[in-house]
Amino acid sequence: MCEFFKHTDEIITFQILSNYIWSCRQTIGNQTFFSGTKLAYSNPCGYCIYKDGVIYSLSDAYDKKLINNSDLKKLLNKYDAAEQDREIIKSIITDYCQKLDIAEFNPEDYNIVYMSDNDIIVIHGFLGCATHGDKVSEKFGDYFVTSNYDMFPYILGYYVIYPKENTMYNLHDAYYKKLSGVEELFAKGHIGHRYGDANGDKRFDIQDASAIQKYIAKIYEGFDDALLYGNFEYNGIYDFNIDGKININDATALQKYLAKR
């Protein structure tokens, strides 16, 4: 299990969590890191740096001068802020479930899908009863979102939180109420899949048209095969023109779209 709490274009910082509750501390440079879990003696607090395709323990990254004391201080401040965010999120989830009279829930059983400067947060998690089964999906304009299980009271289990307003909505309501920032979540690739993005790289190019043609000819296998299972309104990953059918018209429409750009 990993918790990501810093992300830039060049570097990702995260903490690997073990199942062992073992309070520990680790001093790196001028900063001391605390953790409720102890991963290993070589990297007790589990803090890691991913950069240029390589994962380093935080101490190794510091020794190799990939980061300095200033970076470590910023990282601690960012982590402290993330801890505060989690407490705020937990409180909002608790209020949301109480208003809907959801008796069976754990306000910590969720993953943060996206967070933007405390203005908007997207989570995916168990609130109430969950039935594990086939993947399910829901259509949102030119996009669709999938989930691994059904959930009550909301089938996908995606929720949008506005921490400054202390409010929370399921994704369906947030989208159709046209709440601030929700459409951008789809358009910027933070959530969901665009119909016709056949290789799932969040953009349209000739490779998508080729993948659609190969799929029609039954010679294409890709990451998106898993998205074709379950209770989908459409097999949308190949359906560029969103007519509910997958045929050569999708590849042709995509090629025309690319030619006009």
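The values are calculated or read from the model by the stated rules, or taken from the named source; none is laboratory data. This is a predicted model, so every value here is computed, not measured. Every residue, glycine as well, gets a Cβ built from its backbone with ideal geometry; the counts of neighbours run over all protein chains shown.
For every residue, the table says whether it meets (1) at pLDDT 85 or above; (2) assigned to a strand (DSSP E or B).
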{"residue": "R25", "(1), (2)": "no, yes"}
{"residue": "A40", "(1), (2)": "no, no"}
{"residue": "Y62", "(1), (2)": "yes, no"}
{"residue": "K74", "(1), (2)": "no, no"}
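Considering only region 150-158, I want to know if a residue exists there that is surrounded by fewer than 16 Cβ atoms within 10 Å (Cβ to Cβ) and either in contact with a strand residue (DSSP E or B) (Cβ under 9 Å, 6 or more places away or on another chain) or in the same structural domain as K218 (by TED's automatic domain parsing) (or both).
Yes, region 150-158 has at least one match.
Quick grid of which residues meet (1) more than 30 Å from Y159 (Cα to Cα); (2) acidic (D, E); (3) in contact (Cβ under 8 Å) with a residue 12 or more places away in the chain:
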| position | (1), (2), (3) |
| --- | --- |
| L58 | yes, no, yes |
| N68 | yes, no, yes |
| L75 | no, no, yes |
| D80 | no, yes, no |
| I88 | no, no, yes |
| I93 | no, no, yes |
| C97 | no, no, yes |
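Within region 160-179, the presence of a residue that is closer than 19 Å to K202 by Cα and at pLDDT below 90 is excluded.
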